[in-house]
1. When a/c is below 1.5 the answer is rounded, else prolate if a/b is larger than b/c, else oblate, so apply that to the range 76-117 with a ≥ b ≥ c taken from the square roots of the Cα gyration tensor eigenvalues.
2. Highest mean first, how do 122-131, 140-149, 17-26 rank when packing is the count of other Cβ atoms within 10 Å averaged over residues?
3. Please give the FRET efficiency for K90 paired with Q136, using the beta carbon to beta carbon distance and R0 = 35 Å, rounded to the nearest 0.05.
4. Could you state the orientation-averaged shadow area of the convex hull built on the Cα atoms of the range 106-177, in nm² to one decimal?
Amino acid sequence: MAADSPWRHSLKIRLLGGTILVAICSITATAWLSVQGTAGSIQQERGQELATDAHIYDTLLGYAATQPNRDAAGPVLAARTDPLPVIGAKIGSGTFLDQATGSFPAAVLGDKAATRLGITELRPGEPKPQVWLGDQWFVVVGILDAIPLAPDVERAVLVGWDAARTRLGFDGHPTVV
């Protein structure tokens, strides 16, 4: 029979091994509980945010459905990125449409359209207002100053040419979208 190893029967070694095993199990259990608790909290918070967003969306749709005149701002015109010098217009607040914003649901309001909607200026760092055009919201990125040579544009909402085609059904021919 082989000689028994002194390590095999040592009480100190057995206690040390048991302590290490308990420590590993404790750390593993604590980590698992932390992950479960955090995941549950994140899911609950995400659910609350989605419920709040859905409520806001439903409220806005309900309000929009009760409004008899959804084009209170004026006609919607498709615009290229360079009409300002041609019509003698200047941006009073925000920016005009460019190649990037002209493809997205972004709008520039004429001076009178902005006044009708109660949007008098766009402040940097604050959320931009939105207007309902067609069947979707467009973010207001700019407001024009008064344009004595183009009163129709003062009452209009300008959207990018590409956005008018893809989002509002504009066919490229002169018309009001």
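1. oblate
2. 140-149, 122-131, 17-26
3. In this case the efficiency is close to 0.80.
4. Projected area, direction-averaged: 5.1 nm².
We did not get these values from a lab; they are worked out from the coordinates using the rules stated. Treat the numbers as computed from the prediction; the structure is a model and nothing was measured. Note that each Cβ is placed from the backbone with ideal geometry, even for glycine, and that neighbours are counted across all protein chains shown.
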